[in-house]
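Trainee: To start, I am sharing the structure in question, which I have written as structure tokens.
The values are calculated or read from the model by the stated rules, or taken from the named source; none is laboratory data. Just so it is clear, the model here is predicted, and its values are computed rather than measured. All Cβ positions, glycine included, derive from the backbone under ideal geometry; neighbour counts span all protein chains shown. Note: areas computed on protein heavy atoms with side chains; ligands, DNA, RNA excluded. Shrake-Rupley method; radii C 1.70, N 1.55, O 1.52, S 1.80 Å.
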Amino acid sequence: MQTFHDLPVLKLSDLESAAPDGALDADLGFGGVVARESRQRLLNPDGTFNVAREGLGPIERLAPYHALLAMRWPAFLGWCAGFYVVVNLLFAVAYVLCGPGALVDGAGTVQAGFWRAFFFSVETFATIGYGAIAPAGLPANLLMTLESLVGVLAVALVTGLVFARFSRPTARIRFSRRAVVAPYRGGRAFMFRLANERRSELLQVEARVLYSHRVVDLAGRANRRFEELPLERQRVAFFPLSWTVVHPIDERSPLRDRTPEAMAAEDAEFLVLLSGVDETSAAVVHARTSYKPHEVLTDARFASVYLPPRDDGALRIDVARLDEVEPASGRR
């Protein structure tokens, strides 16, 4: 197996002359330091980046607004429920600390106990107002006033977050877990497959695939080079079914002489970027993923995802079979 010492030694002029137009700007914004020093994959399969930002304050590091917008619905609803319970528990403790006579019923009878205070807090926070119990004394009334303000603001913030989550256009693109190098028109081609998981259609879908790998310069440093792979079809006007993205491996392809061992030795990575227009919102949406050499199967091809047409003639695909492959010789 090759090592970094076996990688080709290139001058900067060699990189400039060998790279196609715009290839020197194809690093997607990683920059020289990140591309050179990173020892992890640049782009995770779920589209996130392996870059940590240091030197930020606690609020900037947590980025609560962005986190609440980006997290999945079960996690978001869990956070909302947890916030609701914790706030009411804190106010219940505060009511108990106001003294045994802080809460009374309509007859003036003292309503003591932590859980009585907790449920009074729930009624105040949600502006339910059953009227069976009321605060007594200045501390309890001030605390009730504060909780009413917190409740109004919390409801407004959660309502805004829910609306923002529903209105934020996103793409639900499923990429195949593996890519393949399969026979193609008398030669070979690098391929991966994707499908739209939503009922809404995507228009003017465009794909870009970049081959990222390390090369050694004259000073013995392993720098990362980015080369855009020409695709058989870079964009489609409609995306109702599935799409197999194909890069023919011809004499101009950066993959023409590369074996799986060579790609692994040069820490290669296939970066995939997808963009399209969501028909419902008319907004541009994006999706991205990447493939490492161990996620690329050779001498294999994707199995068909198409199902027999329905009785009314409508075409069907089985998205669950998006990752299925078969030997290259298994189908003619």
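Trainee: When you scan the range 217-332 for strands (runs of 3 or more DSSP E) that lie fully inside it, which ones turn up with 1 or more residues that are open to solvent by 70 Å² or more (accessible area, probe 1.4 Å), of a type in the set (Lys, Arg) and touching a residue at least 24 places away in the same chain (Cβ under 8 Å)?
Mentor: In the range 217-332, 235-238, 284-291 are the strands (runs of 3 or more DSSP E) which contain 1 or more residues that are open to solvent by 70 Å² or more (accessible area, probe 1.4 Å), of a type in the set (Lys, Arg) and touching a residue at least 24 places away in the same chain (Cβ under 8 Å).
Trainee: Please verify whether the range 52-64 includes one or more residues that are modelled with pLDDT of 75 or more and either in contact with a Phe, Trp or Tyr (Cβ under 9 Å, 6 or more places away or on another chain) or of a type in the set (Phe, Trp, Tyr) (or both).
Mentor: Checking the range 52-64: not a single residue is modelled with pLDDT of 75 or more and either in contact with a Phe, Trp or Tyr (Cβ under 9 Å, 6 or more places away or on another chain) or of a type in the set (Phe, Trp, Tyr) (or both).
Trainee: Quick test for you: out of 222, 207, 237, pick the one residue that is of a type in the set (A, V, I, L, M), over 28 Å from residue 319 (Cβ atoms) and in contact with a Leu (Cβ under 9 Å, 6 or more places away or on another chain).
Mentor: Being of a type in the set (A, V, I, L, M), over 28 Å from residue 319 (Cβ atoms) and in contact with a Leu (Cβ under 9 Å, 6 or more places away or on another chain) holds for just one of 222, 207, 237, which is 222.
Trainee: Inspect all residues belonging to the range 182-193 and state whether any of them is over 27 Å from residue 277 (Cβ atoms), surrounded by 13 or more Cβ atoms within 10 Å (Cβ to Cβ) and touching a helix residue (DSSP H, G or I) at 6+ places or on another chain (Cβ under 6 Å).
Mentor: Checked against the condition, which is being over 27 Å from residue 277 (Cβ atoms), surrounded by 13 or more Cβ atoms within 10 Å (Cβ to Cβ) and touching a helix residue (DSSP H, G or I) at 6+ places or on another chain (Cβ under 6 Å), the range 182-193 yields at least one hit.
Trainee: Can you pull out the residues in the range 87-109 that are modelled with pLDDT of 95 or more and either closer than 21 Å to residue 166 by Cα or open to solvent by 80 Å² or more (accessible area, probe 1.4 Å) (or both)?
Mentor: 90
Trainee: Still on this structure, please answer the following. Kindly list, by first and then second residue, each pair from a residue in the range 68-88 that is within 13 Å of residue 125 (Cβ to Cβ) and in a helix (DSSP H, G or I) to a residue that is of a type outside the set (S, T, N, Q) and open to solvent by 60 Å² or more (accessible area, probe 1.4 Å), limited to pairs with Cβ atoms under 9 Å and residues at least 6 apart or on different chains.
Mentor: Qualifying pairs under 9 Å: 88/119.
Trainee: Can you name the number of the only condition in (1) among the hydrophobic types (A, V, I, L, M, F, W, C); (2) at pLDDT 90 or above; (3) loosely packed, with under 12 Cβ neighbours inside 10 Å; (4) more than 39 Å from the chain's Cα centre (by Cα) that residue 132 fails?
Mentor: So the condition that residue 132 fails would be (2).
Trainee: Next question, about the same structure. Out of 239, 226, which single residue is within 20 Å of residue 43 (Cβ to Cβ) and within 25 Å of the chain's Cα centre (by Cα)?
Mentor: From the options 239, 226, the qualifying one is 226.
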